[in-house]
Amino acid sequence: MAIAQISQSNFELALRWYKGDPVSLSWKVIGADWTGTYTAGIYKDETAATLLATATVTATYATLDTTFVFTLSDAASDSVPAGLWYYKVREAAGLTRFAGPVQVDG
């Protein structure tokens, strides 16, 4: 598993997986405490008008860094068709922390 190191500002982070595979992706924000409650969705496009699946996101702060884990259940992973989609990870307060393209290979 590779960990991407990114800045503390909002960040576009591209995600990719294969349809039907378990999805559990991890990344780390260095030098910031971004713990909190997050919601995440995979959408048809950047307008976020059509939700394809909901993901679970956990944010754990330890030793000056916050580690995020983005997970889709098997059912949610299977519901996202092969193609290029868009995702957003938002804090409960509404701030989008991560967003970007999702490539699902068939």
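Tabulated data
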read-out	value
Some residue of the stretch 88-104 being under 14 Å from Ser24 (Cα atoms) and out of contact with any Lys or Arg (no Cβ under 6 Å at 6 or more places or on another chain)	yes
Matching strands (runs of 3 or more DSSP E) fully within the chain where at least 2 residues are modelled with pLDDT of 90 or more and polar (S, T, N, Q)	23-30, 51-62, 65-72
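To keep it simple, each residue is scored yes or no on (1) of a type outside the set (S, T, N, Q); (2) surrounded by 14 or more Cβ atoms within 10 Å (Cβ to Cβ); (3) touching a residue at least 40 places away in the same chain (Cβ under 8 Å).
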position: Thr58; (1), (2), (3): no, no, no
position: Thr67; (1), (2), (3): no, yes, yes
position: Thr71; (1), (2), (3): no, yes, yes
position: Pro81; (1), (2), (3): yes, no, yes
position: Lys88; (1), (2), (3): yes, yes, yes
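The values are calculated or read from the model by the stated rules, or taken from the named source; none is laboratory data. Since the structure is predicted, the reported quantities are computational estimates derived from the model, not experimental observations. Quick reminder, even Gly has a Cβ in these numbers, built from the backbone with ideal geometry, and neighbours come from all protein chains shown.
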